[in-house]
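Remarks on the structure that follows.
Every number in this text was worked out from the coordinates using simple rules, so none of it is lab data. Keep in mind that what you see is a predicted model, and the values were worked out from it rather than measured. Neighbour counts run over all protein chains shown; Cβ positions are idealised from the backbone, glycine included.
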Amino acid sequence: MRRPPVLRVDPHDPSPELIHRAAQVITGGGLVAVPTETVYGLGANALDPAGVRRIFAAKGRPGDNPLIVHLSDADDLTRVAREVTALASELAQRWWPGPLTIVLDAAETIPVETTAGLSTVAVRVPAHPVARALISAAGVPIAAPSANRSGRPSPTTAQHVIEDLGDAVDLVLDGGPCEVGVESTVVDARGLVPIVLRDGAVTREDLASPAAEASVEDRLSSPGTRHRHYTPACRVVLASPGQASQRAEELAQAGASVGLIATVPAPSGVIQIAVHAGAEDLARRLYDALRLAESSGVEVVVVESVSDVGIGRAVMDRLRRAAD
Ligand code: TXA
Ligand code: MG
């Protein structure tokens with residue numbers, strides 16, 4: 001796979017000149033990989049059907065899976081949503097810029113390519129200075145899914161993007177590793193209470209109000225949750241805390257080459273992929289660890305579960321899908 005052009009940028013204070021170059025790629029109909037606080041996104045002008053179609057082609061993404069539209073300023077929400085509910089204003093006020101994605105009825109300006117034919121649009125204002133500067137310099141909303149090949153673990157470094165997409169992306173902005181490491185929380189804000197469609201960096205505890213568990217119907221309205229996801233080339237086996245090490249050892253004794261991602265070091269005969277300090281640390285390193293397991297050539301990676309609370313819920317959601 002050919003390497004795309006890469007520009008290294010200061011994640012806290014990106015050079016306006018480099019951002020300008022990237023913005024020109026976006027307004028010219030091209031694709032730019034950009035760091036956000038969650039994961040790297042693969043961005044195109046959200047109002048340009050041809051640019052958006054290139055995102056789907058580059059990722060091998062199913063055509064029925066809509067994209068998140070990224071804004072640099074919450075005030076622009078009225079440009080992409082038909083009706084901004086009181087709940088949406090409240091959530092935007094509280095969480096933007098940040099890792100919360102809000103689903104509302106779409107404005108007519110949003111092409112069907114971006115919404116995958118839905119009447120709704122998912123919107124967020126990222127907190128990452130590079131992402132915000134890019135959107136602002138481009139002067140258009142930017143549609144950006146995670147910058148991985150469809151079905152693969154999301155990218156949390158520029159290197160992950162390059163491995164997956166090569167020169168199918170026109171330019172990569174390398175702002176170093178992402179701080180959060182799992183994707184934004186997606187909530188439907190058309191009603192009176194937020195309905196969580198995808199668990200993510202903003203936790204249900206954070207959302208406080210009785211953020212109802214998404215029903216089966218709600219899940220169907222978030223197409224991405226139906227697709228296979230986060231899968232590295234090796235098998236992923238989940239084990240409860242305290243048993244992961246033993247489970248890895250048993251698999252190794254049975255003749256498999258085994259890796260371990262856990263809070264404890266790997267026993268002998270098992271390859272240590274990552275030792276982490278708990279859910280938040282694991283969130284940050286999860287996708288890198290899954291990719292590392294794959295590149296280290298193990299057949300199976302055993303991952304010690306974390307509790308389904310706080311950011312642990314998003315981590316376990318991703319791990320369960322990876323282990324399916
Ligand atoms: O943190 C993130 O959200 C990253 C960064 C780049 O912003 N983006 C991201 O995008 O994770 P993606 O495309 O990998 O995941 C977007 C999710 C998918 O599950 C998709 O189905 C859902 O959001 N989604 C998008 N538009 C929607 C809509 N109108 N209604 C319901 N779900 C929607
Ligand atoms: Mg994704």
Gap in Å between the Cα centre of region 42-75 and the Cα centre of region 256-295? 32 Å
P(r) for region 56-179, please, calculated from all Cα pair distances in 10 Å bins and given in %. 13, 41, 37, 9, 0
With charges only on Cβ, +1 for K and R and -1 for D and E, what is the dipole size of region 100-172 about its Cα centre, in debye, rounded to 20? 240 debye
Which Cα, out of THR263, THR203, ALA168, lies furthest along the positive dipole direction of region 156-297 (beta carbon charges, K/R +1, D/E -1)? THR263
Arrange the peptides 118-127, 18-27, 32-41 so that the one whose residues have, on average, the most other Cβ atoms within 10 Å appears first. 32-41, 118-127, 18-27
Assigned charges on the beta-carbon of Lys, Arg, Asp, Glu; the chain dipole about Cα centre (debye): 700 debye
HIS12 to GLN253: FRET efficiency via 1/(1 + (r/R0)^6), r the Cβ-Cβ distance, R0 35 Å, to the nearest 0.05? 0.15
For ASP76 and SER307, what does the FRET efficiency come to when R0 = 51 Å and r is the distance between their Cβ atoms, rounded to the nearest 0.05? 0.85
Relative to the chain, whose Cα atoms define the longest principal axis, helix 86-95 and its Cα axis are tilted in degrees, nearest 10, by 60 degrees
If every Lys and Arg gets +1 and every Asp and Glu gets -1 at its Cβ, then about the Cα centre region 131-184 yields a dipole, in debye to the nearest 20, of 140 debye
Report the gain in length on full extension from ASP64 to GLU205: 0.36 nm times residue separation, minus Cα-Cα distance, nm rounded to one decimal. 47.7 nm
0 to 90° range, to nearest 10: angle between helix 129-138 axis and the chain longest Cα axis: 30 degrees
Between the modelled labels at ALA86 and SER268 (7 Å from Cα along Cα→Cβ) the distance in nm is 6.7 nm
Report the Cα centroid-to-centroid distance between region 144-210 and region 7-32 in angstrom, as an integer. 20 Å
